[in-house]
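Student: Structure in structure tokens, see below.
The values are calculated or read from the model by the stated rules, or taken from the named source; none is laboratory data. All figures in this text were calculated on a predicted structure; none of them were measured in a lab. Cβ: placed from backbone, ideal geometry, glycine included. Neighbour counts: every protein chain shown. Keep in mind that these areas ignore ligands, DNA and RNA; they rest on the heavy atoms of the full protein, side chains included. Shrake-Rupley method; radii C 1.70, N 1.55, O 1.52, S 1.80 Å.
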Amino acid sequence: MPTIIKRTSLLLACTILTSLANALDNYSTPVSFFYSRPDLLAPAMDVTVSKDNYMENEYVFFTPYQEDQAGPYIYDKQGNLVWSGWAESGPWNAHNLYPCNWRGDPHLCMYQGVQQFGYSRGHGVILNQDYKIVKTVETVGEVVPMDQHEFRLTPNEETFLVSAYQQVPYDLSPLGIQDTIGWVMDGIFQEINATDNTVIFQWSALNHVDPWESYVYPQSSDISGTGREAMSPWDFFHLNSVVKSALTGNYLISARHMGTLFYINATDGSIIWRFECGGRSDFVCDGFSGFAFQHDAEIQSENATTMLITLFDNASNTANKTNVRSEGRFIKLDLVTKRATQYRNPTYFPDFDLLADSQGNMQVLNNGNTFHGWGSWPRFTEHVPDGSVIWEGSIGPRQGFNMIYRVYTGNWQAIPSHTKPALWTYSQTSDAMIAFYVSWNGCTEVKTWNFYGANDMQDDFAYIGSVDRMRRFETVYSSEMHFVYTFAEAIGFDGRSLRNSSMQLTFVPSPALAASCTEMHCGAISF
């Protein structure tokens, strides 16, 4: 197992950025340490429920921030690191990492940008199976750079839906802002062809929705803004998801601060209908009380008369609460009678009444299961259709420390062509056994590690032994044979050699250091 390090942290809020600092409140954000990759301090995932063997080859894709090493990550469902994209894919925060078949080929898609308060500025990134950026996707025209809330591949596997948050001057004198011009945050989305970076469609909330219909007024929540300056505009809409109908080509969007879903005409941008439980909804909720401050509204199926949708019902924005817990909701919209019912019971966190004040998502899987990211709580669960939890993991115990906007699960294969396995070898004395620590960041196809050694760089390297790759990021092996130089060879599931590590000089501690060493390693880890 990797060494787990726990440090005490306190959340420090500021007007633009939020960061973690050492403090004395006894909460921790655990990280892992690997001898073969001491540069990586990946979040330590704690898996507390794991019931189905079919999850053996599935992975978890997530992008934690407010971490020591914020960035994109892939883990297996045993809680082991597979790929750390920290610093590999750029220096900024990442959001929305998921496997995507862009133009029919396996890729990873994610957003990358500079975090602001409740939004961000950046661009979309498409990575190939070498974890190399092959394309960036940016907003087009007069629209500001992309925001984190949406970067979604459409069903045609060619175009992307992207969101943008744009400050606009506005008359807010009805709110008493009369000594200066007011400011609002417009919610904009574009559909963009990633190949030639052309806009297929663009929509602006301010052109179609009256800001005064918002449930969140200036200075009423942590991200509502004051409305008095461009860097603190009134965020009346807060666009946080966009999906495109495979049937009609229209768009379903979620506006958190309106508590509403809007169905947008793809021809002229008009609102075909709006859905909430109450207010100006075109639908009546039958048998359930509604949702609030929601995220991740998606179309699961539809025909001319019926649409099945799902959403993550936060039921909280810190300042206001509409339920004791956040839930994943399954809603049937009758497009003829304009009635909304629940076609499946809501899913919820099993251990306690978890109320996610921000962020979160629910992914519906092909087998009917649902996979949840719990937003401001760094936890994830998978549920079978009856709501029972078959998998549960976390990377921290508390809301608001390390957070994840969305979490996904799925399959992935990669043999990075531009990297080698990483190896560190150790021996307590110059003639003692050798301990090998080997890993290959991002490679999913290693079955076995072979080890070789020599006492002179010019000698032929002798075969030392082999071991099946451990179900963890770093495999540990020991041999009674001692060699000054070593290397490791990765063997794939088909039996072929994938790649060798670089040659390593075996680390042997000095007599002064050896007293604090064991036969496997030296001393405690410190930073």
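Student: Show me the strands (runs of 3 or more DSSP E) found entirely inside region 46-139 where at least 3 residues are open to solvent by 40 Å² or more (accessible area, probe 1.4 Å) and of a type outside the set (Val, Ile, Thr).
Tutor: Fully inside region 46-139 and qualifying: nothing.
Student: Something else now. What number of residues within region 140-163 are assigned to a loop (DSSP other than H, G, I, E, B) and farther than 25 Å from Trp86 by Cβ?
Tutor: Just the residues of region 140-163 that are assigned to a loop (DSSP other than H, G, I, E, B), to begin with: 140-145, 154-158.
Cutting the leftovers down to farther than 25 Å from Trp86 by Cβ gives us 140-144, 154-158.
Qualifying residue count, region 140-163: 10.
Student: Additional query: Within region 316-324, identify whether any single residue is closer than 27 Å to Pro64 by Cβ, buried (at least 20 other Cβ atoms within 10 Å of the Cβ) and touching a Leu at 6+ places or on another chain (Cβ under 9 Å), and answer yes or no.
Tutor: Checking region 316-324: at least one residue is closer than 27 Å to Pro64 by Cβ, buried (at least 20 other Cβ atoms within 10 Å of the Cβ) and touching a Leu at 6+ places or on another chain (Cβ under 9 Å).
Student: In region 231-277, how many are surrounded by 22 or more Cβ atoms within 10 Å (Cβ to Cβ) and among the charged types (D, E, K, R)?
Tutor: So the answer is 4.
Student: Also, I was wondering about something else. Restricting the first residue to region 67-79 and requiring it to be touching a residue at least 60 places away in the same chain (Cβ under 8 Å) and at positive phi, which pairs with a second residue that is surrounded by fewer than 23 Cβ atoms within 10 Å (Cβ to Cβ) and among the charged types (D, E, K, R) meet a Cβ separation below 7 Å and a spacing of at least six or different chains?
Tutor: Hits for this filter: Gly79/Asp46.
Student: Restricting to region 498-527, name every residue that is under 17 Å from Lys420 (Cα atoms), polar (S, T, N, Q) and open to solvent by 60 Å² or more (accessible area, probe 1.4 Å).
Tutor: Once the filter is applied, which keeps residues that are under 17 Å from Lys420 (Cα atoms), polar (S, T, N, Q) and open to solvent by 60 Å² or more (accessible area, probe 1.4 Å), region 498-527 yields only Asn500.
Student: Looking only at strands (runs of 3 or more DSSP E) that fall completely inside region 371-424, which ones have 2 or more residues that are closer than 15 Å to Glu327 by Cβ and of a type outside the set (Ser, Thr, Tyr)?
Tutor: So the answer is 379-383.
Student: Would you check if there is a residue in region 143-165 being open to solvent by 40 Å² or more (accessible area, probe 1.4 Å), modelled with pLDDT of 95 or more and more than 25 Å from Ile74 (Cα to Cα)?
Tutor: yes
Student: If you don't mind, another one. Among the residues of region 195-228, write down those that are charged (D, E, K, R) and either closer than 21 Å to Val143 by Cβ or open to solvent by less than 60 Å² (accessible area, probe 1.4 Å) (or both). Working first, answer last.
Tutor: The initial filter retains those residues of region 195-228 that are charged (D, E, K, R), namely 196, 210, 213, 222, 228.
Asp196, Glu213 - these are the residues of region 195-228 that are charged (D, E, K, R) and either closer than 21 Å to Val143 by Cβ or open to solvent by less than 60 Å² (accessible area, probe 1.4 Å) (or both).
Student: Within the group Gly453, Gly495, which residue is without any contact (Cβ under 8 Å) to a residue 60 or more places away in the chain, open to solvent by less than 60 Å² (accessible area, probe 1.4 Å) and part of a strand (DSSP E or B)?
Tutor: Values: Gly495 fails: part of a strand (DSSP E or B).
Just a single option satisfies the conditions, and that option is Gly453.
Student: Among the residues of region 324-345, write down those that are over 21 Å from Tyr405 (Cβ atoms) and not hydrophobic (A, V, I, L, M, F, W, C).
Tutor: Step one: list which residues in region 324-345 are over 21 Å from Tyr405 (Cβ atoms), which gives 324, 330-345.
Lys332, Asp334, Thr337, Lys338, Arg339, Thr341, Gln342, Tyr343, Arg344, Asn345, listed by residue number.
Student: Is region 297-304 home to any residue that is open to solvent by less than 30 Å² (accessible area, probe 1.4 Å) and either not in a loop (DSSP other than H, G, I, E, B) or not basic (Lys, Arg) (or both)?
Tutor: Let us first name the residues in region 297-304 that are open to solvent by less than 30 Å² (accessible area, probe 1.4 Å), namely 297.
Adding the requirement that they be either not in a loop (DSSP other than H, G, I, E, B) or not basic (Lys, Arg) (or both) leaves 297.
For region 297-304, residues open to solvent by less than 30 Å² (accessible area, probe 1.4 Å) and either not in a loop (DSSP other than H, G, I, E, B) or not basic (Lys, Arg) (or both): present.
Student: So, in region 166-185, exactly how many residues are assigned to a strand (DSSP E or B) and either hydroxyl-bearing (Ser, Thr, Tyr) or open to solvent by less than 10 Å² (accessible area, probe 1.4 Å) (or both)?
Tutor: First, pick out the residues of region 166-185 that are assigned to a strand (DSSP E or B): 166-170, 182-185.
Filter again for either hydroxyl-bearing (Ser, Thr, Tyr) or open to solvent by less than 10 Å² (accessible area, probe 1.4 Å) (or both), leaving 170, 182, 184-185.
Residues meeting the conditions: 4.
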